[in-house]
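Notes follow the structure.
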Amino acid sequence: MPPEPLLSVRGLRCGYGRIEAVKGVDLEVAEGEIVALVGANGAGKTSLLRAISGVLPLFSGSIRFAGEAIEGLAPFERVARGIVQVPEGRQLFAPLSVLDNLRLGAFRRGRARTDENLERVFALFPRLAERRHLPAGALSGGEQQMCAIGRALMAEPRLLLLDEPSMGLAPFLVDEILATVARLRAQGVTILLVEQNAVAALALADRGYVLETGRIAHSGSGRALLDDPAVRAAYLGI
Amino acid sequence: MTPATRSKIALLGTLAVLLLVVPLLFPSAFHLRVAALVWINAIAALGLALLMGLAGQVSLGHAGFLAIGAYATALGPRHLGLDPLLSMLAGVFAAGILAFLVGRPILRLKGHYLAVATLGLGILVHLVVVSEVAITGGPDGIQVPRLVLFGWRVVGPEIWYAITGVVLLLATWIALNLEDSSTGRALRALHDSEIAAAVAGIDVARHKLLVFVVAAVYAALAGGLLALLNRFVTPDVASFLRSIELVTMVVIGGMGSIAGAIVGAALLTVLPQLLTFFHDYEHAVLGLAIVLFMVFLRQGIVPGLAGLFARGRRA
């Protein structure tokens, strides 16, 4: 019997009020994988991610993480178990310094490990080290994204949920951020990646899911999805 | 020494020097009494500054907690034969419990529901102390017995000046440490974005509740000291305008600034004494002051002046 995946989602439904944004999704992420979630605007990608991190309550369905049912847990309890989200639009604490933002990411971890993790984040993003005393709101878009990812890494994620890390960034910064995602995987972080930039995301990912109006329309290896004519026509614009 | 520690020591040092210098400059009993009122109001404003400045929540019925502390100090000795100090501590405890019970369901919600709920709570407390004449003395107020500590009768404006000053110093020290702790960081974070705070692993509801309880405890402590100082409590202490005064102290001094809360309390306590000929228009002047501050010095006195000073140095 194959080992249980790190994250397994079954029949997940969620949404806002009477509007159902995700209409019964099954999804798995194995330890060490990068899994990309692509689809048009309004397909339910962000809602699905928010349901996994616990910010958005479920209508129904189950979420298992590391062999444990977690759908009843509050967001902070899921962070303690290792599910950490980099929210869409970065959501930094703008008036707080970069350093305070990073320290807040380590809220659930011990003080000793905080310093160690700070070193790790500064090694990954040397620009943040230079700007550690600036308010996070004063950073450029790319630096803010680095800070948001750095803040999530401070929590020592086992599963990193990345929501649109390339949103609003210049093309060369998009490449830089995506290269960082690959480096994180090499360091053993499992990643669930939501991206508008579907081609780049699928090229990077081990596997991918294509979401269409709240349901999974296609799934497979990143390569296979990129080569699938139906996917290419409908979502990749090639 | 980190910059945060340095500014903490600077503020506590300034406050301690001020406490020592004021009696030398203004030795009259009247001045010391006004100064003691400043320290007491500053304690209540400090708690509110933590709630408003750090966590971004507003309490519009904070005088209710002030009144609970004050009336507990008066009612314990009157009806139960308790020691006034013990009654005061019981009142502070009760205010904390009440804040917990009221805050728990409300602070799970996002937005300014706390302002509405505390508004109701403040009016309720006022109503009870006015109408329960048999217990509270109603609109006529109620006497508070003199505080006696181990046979020593605590009396005289100098003594009360010193007691309230020391309590303020301790309250400031605790507030500064709370602000500089991981809890303080968490509060500033959830003020900015509750979602981002939640996904950073912060239990948002619990932290908001914690700071609300702290604010209530600070207010009740101030109320108890006020009762002991005046040796008389009237329903005035619970009035809605009292709550607004407290909010004004925090806003004028500078939201989110511990030093600002103390400056705001000083200004709003001393100004009416200086402007006695304006007495009939006191609340109109208060309203005008808020409007002018919102237009010209939105951040409040302390952060506003600090900003001007920093700009001046750079220029």
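The values are calculated or read from the model by the stated rules, or taken from the named source; none is laboratory data. None of these values were measured; they are calculated from a predicted model. Every residue, glycine as well, gets a Cβ built from its backbone with ideal geometry; the counts of neighbours run over all protein chains shown. Accessible surface is based on the protein model in full, side chains and every heavy atom, while ligands, DNA and RNA are left aside. Shrake-Rupley method; radii C 1.70, N 1.55, O 1.52, S 1.80 Å.
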Seminar exercise, completed: Once the mean of 1/r over all distinct C-alpha pairs in the stretch A:17-102 is inverted, the Kirkwood radius in Å reads 14.7
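Kirkwood hydrodynamic radius (Cα pairs, Å) of the stretch A:123-177?
On the way: mean 1/r = 0.0840 Å⁻¹.
Hydrodynamic radius (Kirkwood, Cα pairs) of the stretch A:123-177 is 11.9 Å.
Provide the net charge surrounding A:Ser62, with neighbours chosen by a C-beta distance below 12 Å and charges set as Lys +1, Arg +1, Asp -1, Glu -1.
Working: positive: A:Arg10, A:Arg13, A:Arg64; negative: A:Asp26, A:Glu68, A:Glu71.
Net charge around A:Ser62: 0.
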Exercise. What whole number of Å gives the distance from the Cα centroid of the stretch A:182-238 to the Cα centroid of the stretch B:188-254?
Worked result: 49
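Can you give the charge dipole size of the stretch B:3-239 about its Cα centre, rounded to the nearest 20 debye, using +1 on the beta carbon of Lys and Arg and -1 on the beta carbon of Asp and Glu? Before the final figure, lay out each step's value.
Values: 14 positive and 10 negative charges, 50 e Å.
Roughly 240 debye, rounded to the nearest 20.
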Problem set entry | Total accessible surface hidden between A and B, rounded to 100 Å², 1.4 Å probe | 1600
For this session: Report, in deg cm²/dmol and to the nearest 500, the calculated mean residue ellipticity at 222 nm for chain B, where each DSSP H run with n ≥ 4 adds -39500 (n - 2.57) and the sum is divided by the residue count.
Result: -24500 deg cm²/dmol
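With a 1.4 Å probe and all protein chains left in place, how much of the accessible area of the protein assembly as shown comes from carbon and sulfur atoms, in whole percent?
Here carbon and sulfur together make up 63 percent of the probe-accessible area.
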Exercise. What does the accessible area of B:His207 come to, in Å² to the nearest 10, when a probe of 1.4 Å is used?
Worked result: 10
Problem set entry | Charge dipole (debye, nearest 20) of chain A; +1 at Cβ of Lys and Arg, -1 at Cβ of Asp and Glu | 460
Exercise. Can you give the translational diffusion coefficient of the stretch B:3-239 in µm²/s, computed by Stokes-Einstein from the Kirkwood radius over Cα pairs at 37 °C and 0.692 mPa s?
Worked result: 177
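Ranked from the most accessible area to the least, with a 1.4 Å probe and all protein chains present, what is the order of B:Trp152, B:Trp39? The partial results should precede the final answer.
Numbers: B:Trp152 125, B:Trp39 15 Å².
Highest to lowest solvent-accessible surface, that is B:Trp152, B:Trp39.
Kindly provide the helix-only [θ] at 222 nm of chain A, computed as the sum of -39,500 (n - 2.57) over DSSP H runs of four or more divided by all residues, to the nearest 500 deg cm²/dmol?
Working: 9 runs with 85 residues, N = 238.
Helix contribution divided over all residues of chain A: -10500 deg cm²/dmol.
Assuming 0.692 mPa s and 37 °C, estimate D for the protein assembly as shown with Stokes-Einstein, Rh taken as the Kirkwood radius over Cα pairs, in µm²/s. Display every interim value, and only then the final one.
Numbers: Rh = 26.1 Å.
Diffusion coefficient, whole number: 126 µm²/s.
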Exercise. Where the centroid of each part is defined by its Cα atoms, how far is the stretch A:121-144 from the stretch B:20-84 in Å?
Worked result: 43
For this session: May I ask you to find the residues of the stretch A:114-155 that are shielded by at least 40 Å² of accessible area once the whole protein assembly is considered instead of their isolated chain (probe 1.4 Å)?
Result: none
Seminar exercise, completed: The value for the stretch B:1-133 (convex hull of the alpha-carbon atoms, volume per residue, Å³) is 162
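Using only the Cα atoms of the stretch B:99-221, construct the convex hull and provide its projected area averaged over every direction, in square nanometres to one decimal. Don't jump to the answer; show the numbers that get you there.
Values: hull surface 42.2 nm².
Answer in nm², one decimal: 10.5.
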Problem set entry | Number of Lys pairs (Cα under 27 Å; 8 or more positions apart or on different chains) in the protein assembly as shown | 5
Exercise. How big is chain A by Rg and Dmax over its Cα atoms, in Å?
Worked result: 17.3, 51
For this session: Give the Cα extents of the stretch B:149-239 along the principal axes, in whole Å, largest first.
Result: 55, 28, 21
Problem set entry | Calculated on alpha-carbon atoms, Rg and Dmax of the stretch A:105-238 in Å | 16.5, 51
For this session: Take the alpha carbon atoms of the stretch B:274-315, find their center, do the same for the stretch A:29-67, and report the distance between the two centers in whole angstrom.
Result: 49
Problem set entry | Heavy-atom accessible area, 1.4 Å probe, ligands and nucleic acids excluded: residues of the stretch B:167-205 down by at least 30 Å² from chain alone | B:Arg185, B:Arg188, B:Ala189, B:Asp192, B:Ile195, B:Ala196, B:Ala198, B:Val199, B:Ala200, B:Gly201, B:Ile202, B:Asp203
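About its Cα centre, what dipole magnitude does the protein assembly as shown give when the only charges are +1 on Lys and Arg Cβ and -1 on Asp and Glu Cβ, stated in debye to the nearest 20?
On the way: 46 positive and 39 negative charges, 112 e Å.
Dipole magnitude for the protein assembly as shown comes out near 540 debye.
Leaving out ligands and nucleic acids, note down the accessible area per residue over the stretch B:188-315 with a 1.4 angstrom probe, in whole Å².
Details: 5800 Å² over 128 residues.
Dividing the accessible area of the stretch B:188-315 by its residue count gives 45 Å².
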